[in-house]
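Single-structure report; data block below.
The values are calculated or read from the model by the stated rules, or taken from the named source; none is laboratory data. No experiment lies behind these values; they were computed from the predicted model shown. FYI the Cβ positions are ideal-geometry reconstructions off the backbone, even for glycines, and counts take in every protein chain you see. We work out accessible area using only protein heavy atoms, side chains counted, and drop any ligands, DNA or RNA first. Shrake-Rupley method; radii C 1.70, N 1.55, O 1.52, S 1.80 Å.
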Amino acid sequence: MISERFSMCSFTLMSTPFEAGLDAIAEAGVPGVGVCETLIPEGWNATRLGTELSTRGLEPTICITSLLSPLPLVLFPGPDDPAEREACLVESIRFFGELGADAIVVLTGPAQGRSVDEAEEIAIEAIARLADVAAEAGTRLALEPIYRADYLDWSLIWDLPNAIRIVDQIDNPALGITVDPFHLWDTDDFHGWIRRAGPRIAAVHVNDRGVDHRGWVDRRIPGTGIFDLTGMLSACEDAGYAGAYDCEIFSDDGSLGVADYEDSLWKRPAAAVVRECASGFEAAFADVQHGGAGVTGSV
């Protein structure tokens, strides 16, 4: 039986039509879905989406907005003006709040032509206001650090210490942190930092990284790569995290225009991918529940 804590991010089934992806998730017995706004069919409002989820027995968990960040991203389209982006993010947060999402992932965005100090001031002030919107909407924002090799296109932060610093500076319970092993796996004392983050953790992604890693759009099914997933899950549980573990995998088949991997998971039947992701998570989570703490230091 699949844990009530497991969830499938709709990005993991990127090339599967949205409704068919929901069917595959529900038919596998997965209870939750991390909805990605950019994949929602045109014209669906929160009521329609909520109905589609509830009729399948699915709950919205860790959701992802189309714009992602107050500062413009290098690789994703959207307005360049931070104020315009913030206005769009407000609407997205309200949408997911109405849907009943547990948490909503947010990035800072990168500095690009700005100084780091100027960019951070813009991002922090915007995220503080967005956290107020999230609180009003009955949900949480989850600030995500981005892997140190990729962060310049996405973010001002790449580690848990700086994510904690920003969350503590804003000091709003509606703002927390996203823990994603893809971005943080080689952090010194990774599991220790998770435990120190404690109740600040608002969202957790699960995935894996192959020995033959080829880039940010090459993520693997949990349990099939190099990550100590059991150790990470154990640290999250020790930190008091009680939310969903959402399986977020990018595996480009050409859809993102970054790569076209012959062995892309997005080229495989959705039902098989969901089953394998759930199985990989369950194996690691069972070890945690049975007392297997994994490696508690760096990985």
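Report yes if ASP153 is touching a residue at least 60 places away in the same chain (Cβ under 8 Å), within 20 Å of the chain's Cα centre (by Cα) and open to solvent by 10 Å² or more (accessible area, probe 1.4 Å), otherwise no.
Taking the combined requirement at face value, the residue satisfies it.
Yes or no: ILE177 among the β-branched types (Val, Ile, Thr) and open to solvent by less than 10 Å² (accessible area, probe 1.4 Å)?
Answer is yes for this residue.
When you look at VAL90, is it of a type outside the set (Ser, Thr, Tyr) and within 24 Å of GLY32 (Cβ to Cβ), yes or no?
Values: of a type outside the set (Ser, Thr, Tyr): yes; within 24 Å of GLY32 (Cβ to Cβ): no.
The answer is no for VAL90.
Would you pick out the residues in the range 192-202 that are in a helix (DSSP H, G or I) and small (Gly, Ala, Ser)?
Across the range 192-202, the qualifying residues are GLY192, ALA197, GLY198.
Return the only residue of ALA270, ALA239 being at pLDDT 95 or above, over 24 Å from ASP23 (Cβ atoms), buried (at least 17 other Cβ atoms within 10 Å of the Cβ) and in contact with a Gly (Cβ under 6 Å, 6 or more places away or on another chain).
Result: ALA239 is the single residue among ALA270, ALA239 that is at pLDDT 95 or above, over 24 Å from ASP23 (Cβ atoms), buried (at least 17 other Cβ atoms within 10 Å of the Cβ) and in contact with a Gly (Cβ under 6 Å, 6 or more places away or on another chain).
Being open to solvent by 10 Å² or more (accessible area, probe 1.4 Å), among the small types (Gly, Ala, Ser) and in contact (Cβ under 8 Å) with a residue 12 or more places away in the chain is the filter here, so list the residues in the range 47-80 that pass it.
GLY50, GLY57, SER66, GLY78
Can you tell me which residue is most open to solvent (accessible area, probe 1.4 Å) among those in the range 115-143 that are assigned to a loop (DSSP other than H, G, I, E, B) and in contact (Cβ under 8 Å) with a residue 40 or more places away in the chain?
GLY138
Part of a helix (DSSP H, G or I) and either at pLDDT 95 or above or not basic (Lys, Arg) (or both): is that true of ALA149 in this structure?
no
Residue by residue, here is whether (1) touching a Ser or Thr at 6+ places or on another chain (Cβ under 9 Å); (2) acidic (Asp, Glu); (3) outside any helix (DSSP H, G or I) holds:
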| site | (1), (2), (3) |
| --- | --- |
| GLN112 | no, no, yes |
| ASN162 | no, no, no |
| GLY176 | no, no, yes |
| VAL204 | yes, no, yes |
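How about the range 6-46: which of its residues are outside any helix (DSSP H, G or I), open to solvent by less than 40 Å² (accessible area, probe 1.4 Å) and more than 26 Å from VAL288 (Cα to Cα)?
Once the filter is applied, which keeps residues that are outside any helix (DSSP H, G or I), open to solvent by less than 40 Å² (accessible area, probe 1.4 Å) and more than 26 Å from VAL288 (Cα to Cα), the range 6-46 yields THR16, VAL35, CYS36, ILE40, PRO41, TRP44.
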